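K.L.:
What follows is a structure written as C-alpha cells; I'll ask about it next.
Derivation of every value follows stated rules applied to the coordinates shown; laboratory data play no part. Nothing here was measured: the structure is a model prediction, and the numbers come from that model. Here the Cβ is made from the backbone with ideal geometry for all residues, glycine too, and neighbour counts use every protein chain on show.
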Amino acid sequence: MATMTNAIESDRIADHFVVVHPLDDVPEAKVDTENLGPMRMTLAVRLSLLSLRAYLALMMLLVFYHVLDLAGLFGHRA
Amino acid sequence: MNSKLVMAPASGLQAEVLPVRGRVVKSKWARNLLTFLMVFGPGLIVMVADNDAGAVSTYSQAGAQYGIHLLWIVLLLLPVTYFIQEMVVRLGIATGKGHAAMIYQRFGKWWGRFSLIDLELVNFLTLVTEFAAIDLALNKMGVDPRMGVPLVAAGLVLIAVTGSYRRWERIVVFLCLLDFAWFAIAFRSHPPVWQIVRGSLIPGMPAGGLTPDLVFLTIAIVGTTVAPWQLFFQQSCIADKRLRFADMKWARLDTFLGACITITVAGCMMIAGNASRLHGFTFTDPAQMAVDIGTFTSGFFRHAILLMMINAAVLGTTAISLSSAWAYGEIRGWPHSLQLPIRQAPGFYVVYLASVAAAAGLVLIPRAPLQLIILGVQVLAGVMLPSAIIFLQLLLNDKELLGGYANKPWNNWVNWTIIIALFALSLILAAQVAAPNLFPAAS
C-alpha cells in the first residue's frame, strides 16, 4: 500500500496555509497496480465470480427464451 | 506561484522544493473551504448526471401515477447510492486508475473485456434514449430537432475537447447547478408540504396495493438511481483530476452532497408529476407533462421543465460518453485524459465523439426502433449492474490493493445487503423485459 505524506497538512508555513489544486500538485505515489498481478482466488472471490457466471447464464437463457417467444415457438402470441 | 515542501514517499525524510501553483489562506477554516471547492466536482457531477432523461421520465411517471406515496423509496436510495459511490472514491484515489483498468488488471482479460463490451453497449443505448428525450423536448418547444439535436451534440463535443479538465468540470458543474430549477418547479405546483414530509419519512403503499406495475416502477426507480456507468465514470474522473489521499474526506463530502441534491431533485420531479395528476392529466411522457403543467401555471414553467429535461439529457450524455471513452482508453492503454489536447489523446476523443455523434444520428433516423433500444437498455443494465457491483465489492476487499482503505466489516454488511437486493431487482426487471409471459398480471 503506497502512502503519501498529507500534502495539505504539510503546506502550513508559519501562520498561513497553501492550498494546491490537485491538477497543479506534484503527482502523488499511488498503489502500484501494474506489479500486483491478478487477484488471489480466495474462496470468497471464487464464490462471487461463480455466482456472477450463474447469474449471467440465467440472463442469457431469459433472452434466449424471449427470442423463441417472439418467434412464436410457445404458441401464445397473436 | 508558490514553492511547496514535498516529502519523498520512498524515504519519508528527503525534502525537495518544487514549484507548484497554490493559493495562500490564513485560517484553517478558509483552507478547508478552499480545498473542498478544489476537490468538489466528480461526486456532484456523477450524482446529478444520474438524474438523466430516463430518470426524469421515471420519477415524473411515479409522481403522476402514485402521487407522493413513493417518496420514501427515493429517500431510502440516498444511503444506497452514497455507499456505492463512496467505494468508488476510495478505489479511485488509492489507485489513480479507472474502474475498467482495475477489473482488467485484477480479474484478467476475459472479465475486463466482458465489462468493457457490456459497458460500451449499454452506454450507447442509453445515449440514444438521452437524445430521444432531447428530440422530444425540442419538438414540444417548437424547435426543429433536425437543427436542435446536431447543435446539442456539437455543444457536447466542444465542452470536452478543450484540453482542460477544469474547463469541462466548470461548465458541467454549472449545468448541474441549473438542476435547482426543479425546486422552483416543485414549489410552483403548490405541494402539500405536510403530506410530502409524511410521504418521505413514513413508508406507505399507494391506493390499489402492491400491483405488478408498482413493483416494476419501483425497480425502475432503483435502476435509474444506481447505474453501472456511474462506477466507471466517477473512478475515472477522480483519476483524471488526480485527487490525492489527503482529498479523501472532501471527495466523500462532494459525493454525499451530490447524493443529497440528486435525491431531493428526484423528489421534486415526483412532486411535479403529482401536480399534473392532481389536475386530472394522464402521464404519457415528461415533455407532455411539461405542456400539461403549463396549462395551470404559466408558459414559463412549461419551458422550464422542457429545458430541464434537455439539461438532464445533456448531463447524462457527457458523463456517459466520458465513462465510455475513459474505459476504452484504459483497456487499450491509450492516453485518456480531458487534460490532454486532441492530438495527444486521439483515440480517447474519437470514442467520445463517436458515442455522441452515433447516438444523435440514430435518433434523427425516421422510425428508428427506439422502443427496442429502451428494452435493450433495461436488459443490459440488468446484466451490467450486478456484475459491476460485484467487481467493485471484491476490489474494495482486496487488502493487497487498498491496505487501510479496504472495506471494514460494517461496510461489507451494508454493501452485501445492497448487492443482494440489487441482484434480485435486476433479475426481476430483466426477466420481466425478456420474458413478459412469466408475469401475466403485469400490464
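K.L.:
Once you put a point 7 Å from the Cα of A:Leu23 and another 7 Å from the Cα of B:Ser164, both along the Cβ direction, what distance in nm separates them?
P.N.:
Reported label-point gap for A:Leu23 and B:Ser164 is 0.8 nm.
K.L.:
What residue among B:Met384, B:Met248, B:Met205 shows peak mean-square fluctuation when chain B is described by a Gaussian network model with Cα springs under 10 Å?
P.N.:
Comparing B:Met384, B:Met248, B:Met205 in the GNM, the peak value goes to B:Met205.
K.L.:
Kindly write out, for the stretch B:115-128 in residue order, the coupling ³J(HN,Hα) from the Karplus curve 6.51 cos²θ - 1.76 cosθ + 1.60 (θ = phi - 60°), rounded to whole Hz, with x marking Gly and Pro.
P.N.:
Per residue, the Karplus-derived 3J(HN,Hα) values read 4, 5, 5, 4, 4, 4, 5, 5, 5, 4, 5, 5, 4, 4 Hz.
K.L.:
Let me ask you something else. Residue by residue through the stretch B:40-48, what is 3J(HN,Hα) from phi via Karplus (6.51 cos²θ - 1.76 cosθ + 1.60, θ = phi - 60°)? Round to whole Hz and write x for glycine and proline.
P.N.:
Computed from phi, the couplings for the stretch B:40-48 are 3, x, x, x, 5, 4, 4, 6, 5 Hz.
K.L.:
Ignore the peptide's own chain and count Cβ atoms of other chains within 10 Å of each Cβ in A:57-64; give me the average, rounded.
P.N.:
Per-residue shielding by partner chains comes out at 5.
K.L.:
R0 = 45 Å: FRET efficiency of B:Arg21 with B:Ala154, Cβ-based, nearest 0.05?
P.N.:
For B:Arg21 and B:Ala154, the calculated efficiency is 0.90.
K.L.:
Rg(Cα) of the stretch B:317-390 divided by 2.2 N^0.38 Å?
P.N.:
Normalised by 2.2 N^0.38 Å, the Cα Rg of the stretch B:317-390 equals 1.30.
K.L.:
For the stretch B:78-90, just list the computed ³J(HN,Hα) in residue order, Karplus coefficients 6.51, -1.76 and 1.60, θ = phi - 60°, integers in Hz, with x standing in for Gly and Pro.
P.N.:
4, x, 4, 5, 5, 4, 5, 6, 5, 5, 5, 4, 4
K.L.:
From largest to smallest, what semi-axes in whole angstrom does the protein assembly as shown give when each is the square root of 5 times an eigenvalue of its alpha carbon gyration tensor?
P.N.:
For the protein assembly as shown, the ellipsoid semi-axes come out as 38, 28, 23 Å.
K.L.:
How much length would be gained if the chain were fully extended between B:His303 and B:Met147, taking 0.36 nm per residue of separation minus their Cα-Cα distance, in nm to one decimal?
P.N.:
Details: separation 156, 0.36 × 156 = 56.16 nm, distance 1.83 nm.
Here the answer is 54.3 nm.
K.L.:
Can I ask one more? What is the fewest-to-most order of B:Cys237, B:Cys176 by other Cβ atoms lying within 10 Å of their Cβ?
P.N.:
With the fewest neighbours first, B:Cys237, B:Cys176 line up as B:Cys176, B:Cys237.
K.L.:
Once you've got the GNM for chain B with C-alpha springs shorter than 10 Å, pick whichever of B:Ile263, B:Ile171, B:Ile134 has the biggest mean-square fluctuation.
P.N.:
B:Ile171
K.L.:
Distance in nm between label sites at A:Leu56 and B:Phe187, each 7 Å beyond Cα in the beta-carbon direction?
P.N.:
About 4.9 nm, to one decimal.
K.L.:
If you bin the C-alpha pair distances of the stretch B:109-228 every 10 Å from 0, what whole percents do you get?
P.N.:
For the stretch B:109-228, the binned pair fractions read 9, 20, 35, 24, 10, 1 percent.
K.L.:
Please find, in a Gaussian network model of chain B (springs between Cα atoms separated by less than 10 Å), the residue of B:Trp413, B:Trp29, B:Trp168 whose mean-square fluctuation is greatest.
P.N.:
It is B:Trp29.
K.L.:
Let me ask you something else. Can you tell me the 0 to 90 degree angle between the C-alpha axis of helix B:228-241 and the longest principal axis of chain B, rounded to 10?
P.N.:
30
K.L.:
Roughly how big is the protein assembly as shown's charge dipole about its Cα centre, with Cβ charges of +1 (Lys, Arg) and -1 (Asp, Glu), in debye to the nearest 20?
P.N.:
Here the protein assembly as shown has a charge dipole of around 520 debye.
K.L.:
Still on this structure, I have one more. Once the piece of chain linking B:Trp334 and B:Ala368 is laid out straight, how much longer is it, given 0.36 nm per residue of separation minus the C-alpha distance between them? Mind dumping the intermediate values first?
P.N.:
Working: separation 34, 0.36 × 34 = 12.24 nm, distance 3.31 nm.
Roughly 8.9 nm would be gained on extension.
K.L.:
Continuing with this model, one more query. Pop the C-beta distance of B:Phe83 and A:Leu47 into the FRET formula with R0 = 22 Å and round what comes out to the nearest 0.05.
P.N.:
0.50
K.L.:
How far is helix B:248-278 tilted off the main Cα axis of chain B, in degrees rounded to 10, range 0 to 90?
P.N.:
The two axes meet at around 10 degrees.
K.L.:
May I pose another question? For a footprinting-style exposure proxy, rank B:Val88, B:Val193 by other Cβ within 10 Å, fewest first.
P.N.:
Least to most surrounded, the residues fall as B:Val193, B:Val88.
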